[in-house]
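Notes follow the structure.
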Amino acid sequence: MHGLINRSIEIFLKERHGAELWQAVAQEAQVPDGSFEAMLRYEDGVTARVLAAAASRLSRSEAELLEDLGIFLVTSERTRVVRRLLRYGGVSYREFLYSLDDLRDRVWLAVPELEMPRFELQREGETGFHLICESPVPGMGHVTVGVLRALADDYGALVLLDESHGEDGRSDITVHLLNSTHAAGRRFSLAGEPA
């Protein structure tokens, strides 16, 4: 597993649940040196152990934890580069959805070895979309749902999401875009935020 994924999980757990929880999880999961380096690779088992230990200690399912991670990636100041990358997809939530097909290529320009899901978006009626998420990384469908929820808020859109997961790493996510201008979205500028 790429260190960026593991490091994101570590930052999420520390920021949302505290350093003490992370230390206990890292010890239980046998994380090398108690922390992840973003540009190293780790055996997949260590990531699975981290998620299992964190879910157990927080009395939550791994699916809930991964969805929260997706929300965190969009909303945290520590991971604002993820939000910027995703918001480059368009000026509306609808445009963002259409941009998911090429997200993998955009990420690979910066980090070619990162295991990214493959997305395929299909239109269903006036307000419906069907998003297929295929990933070699277990749980990416749950992370994707969190990202979709957080970006709906970011754009000020009102959406309903429903997901189902297959055994083959494929997630089917239904997106109902009820109102694309439901609320004021968060400020975003392609030129970047003022210093």
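This table checks each residue for (1) farther than 16 Å from VAL143 by Cβ; (2) open to solvent by 10 Å² or more (accessible area, probe 1.4 Å); (3) at pLDDT 95 or above.
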{"residue": "HIS2", "(1), (2), (3)": "no, no, no"}
{"residue": "ALA19", "(1), (2), (3)": "yes, yes, yes"}
{"residue": "GLU28", "(1), (2), (3)": "yes, yes, yes"}
{"residue": "PRO32", "(1), (2), (3)": "yes, yes, no"}
{"residue": "ARG60", "(1), (2), (3)": "no, yes, yes"}
{"residue": "LEU66", "(1), (2), (3)": "no, yes, yes"}
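Take ARG80 and decide whether it is open to solvent by 60 Å² or more (accessible area, probe 1.4 Å) and either modelled with pLDDT of 95 or more or assigned to a helix (DSSP H, G or I) (or both).
Working: open to solvent by 60 Å² or more (accessible area, probe 1.4 Å): yes; either modelled with pLDDT of 95 or more or assigned to a helix (DSSP H, G or I) (or both): yes.
So ARG80 fits the description; yes.
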Considering residues of the stretch 108-130 that are touching a helix residue (DSSP H, G or I) at 6+ places or on another chain (Cβ under 7 Å) and free of Cβ contacts under 8 Å to residues at least 60 places away in the same chain only, the residue most open to solvent (accessible area, probe 1.4 Å): ARG118
Residue that is out of contact with any helix residue (DSSP H, G or I) (no Cβ under 8 Å at 6 or more places or on another chain), open to solvent by 70 Å² or more (accessible area, probe 1.4 Å) and not hydroxyl-bearing (Ser, Thr, Tyr), where the choices are GLU15, GLU43: GLU43
Residue check, TYR93 touching a Lys or Arg at 6+ places or on another chain (Cβ under 8 Å) and in contact (Cβ under 8 Å) with a residue 60 or more places away in the chain: no
Unique match (being of a type outside the set (Lys, Arg) and in contact with a Ser or Thr (Cβ under 6 Å, 6 or more places away or on another chain)) among LEU121, LEU73, LEU65, LEU109: LEU73
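The values are calculated or read from the model by the stated rules, or taken from the named source; none is laboratory data. If you're wondering where the values come from, they're calculated on a predicted model, not measured in any experiment. Note that each Cβ is placed from the backbone with ideal geometry, even for glycine, and that neighbours are counted across all protein chains shown. We work out accessible area using only protein heavy atoms, side chains counted, and drop any ligands, DNA or RNA first. Shrake-Rupley method; radii C 1.70, N 1.55, O 1.52, S 1.80 Å.
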